[in-house]
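Quick notes on the structure that follows.
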Amino acid sequence: MSVKPGQIIEVCGESGCGKTEMLLHWLAQCILPDNWQGIPCNGLGIDVLFIDNDCHFSVLRLVSILESRVQVQMQQTETLDQDSYDVETFIKSCLQHLHYQRCHDNVEFLITIEALESLLGNKPNIGVVMIDSLSAFYWMDRNYYCETKLHHLTHTLQKVIEDYHLVGFVTNSLINPVRDKGESSVTPRHLSMDPISRIWQKITTKRYLMWKCASDFAICLQSQEYNQQRLCITEAGVQYQ
């Protein structure tokens, strides 16, 4: 998936389909360096702001992903003396590129978005903003979800992303997707019916619909252009099938 500065990528799907897990793998890709003491990590080495609205973020899971990726690369580099590498210290140095913000309600979320410019002024190395998830507070504060406030929120985020040449990754759990008879999973039709997606689609550059395959442990990812891709998320990363 090719992403350019100023773009916002949205991943939509039902709760439990793997959106946060996908986000953690993208996060690992961002904070890992391209190379570590001769070991190719194939990362970007950039700082990430992770805004956690859903309380699904797990630093232990992120560390496990980072360790697995490093171990895979070390095993592929047969000439290395693995005992001479301090992987734990390396992982800690990678985590220094992560800036974590937990929001407990929509007011905190809005304040966080409006304070982004101030934060970026103090931490200019941030190149990616991740939000998990947009719909976390819908049932708690659904009276707050009027279109005026949502438009203000999306406009503020879009302006910061474009002005500071950032990349945005956001997840969105579809609100009560009603399936027609014969539908085994969510479809693009549900995006147009979702109260959050209708607003956010105006600023997202790319949108992906995500769901679990019924027959196996694979995940399907479908773009706006209806291009469908099966993938499997493993410790070593996202593997396309």
* Give the residue that is modelled with the highest pLDDT, with candidates limited to residues of the stretch 115-135 that are of a type in the set (Gly, Ala, Ser) and part of a loop (DSSP other than H, G, I, E, B). => Ala115
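Conditions (1) within 16 Å of the chain's Cα centre (by Cα); (2) closer than 24 Å to Leu166 by Cα, marked per residue:
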{"residue": "Gly45", "(1), (2)": "no, yes"}
{"residue": "Cys55", "(1), (2)": "yes, yes"}
{"residue": "Leu66", "(1), (2)": "yes, yes"}
{"residue": "Asp105", "(1), (2)": "no, no"}
{"residue": "Ala115", "(1), (2)": "no, yes"}
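Would you mind listing the strands (runs of 3 or more DSSP E) fully within the stretch 1-114 where at least 1 residues are open to solvent by less than 10 Å² (accessible area, probe 1.4 Å) and either touching a strand residue (DSSP E or B) at 6+ places or on another chain (Cβ under 9 Å) or touching a residue at least 24 places away in the same chain (Cβ under 8 Å) (or both)?
Values: elements: 8-13, 47-52, 98-102.
Fully inside the stretch 1-114 and qualifying: 8-13, 47-52.
Going by the structure shown, is Arg179 at pLDDT below 85 and not in a helix (DSSP H, G or I)?
On the way: at pLDDT below 85: yes; not in a helix (DSSP H, G or I): yes.
Yes: the conditions hold for Arg179.
The values are calculated or read from the model by the stated rules, or taken from the named source; none is laboratory data. Bear in mind the structure is a predicted one, so any value in this text is a computation, not a measurement. Positions of Cβ are generated from backbone atoms using ideal geometry, with glycine treated the same way; all protein chains shown enter the neighbour counts. What goes into the accessible areas is simple: the full protein's heavy atoms, side chains included, and nothing from ligands, DNA or RNA. Shrake-Rupley method; radii C 1.70, N 1.55, O 1.52, S 1.80 Å.
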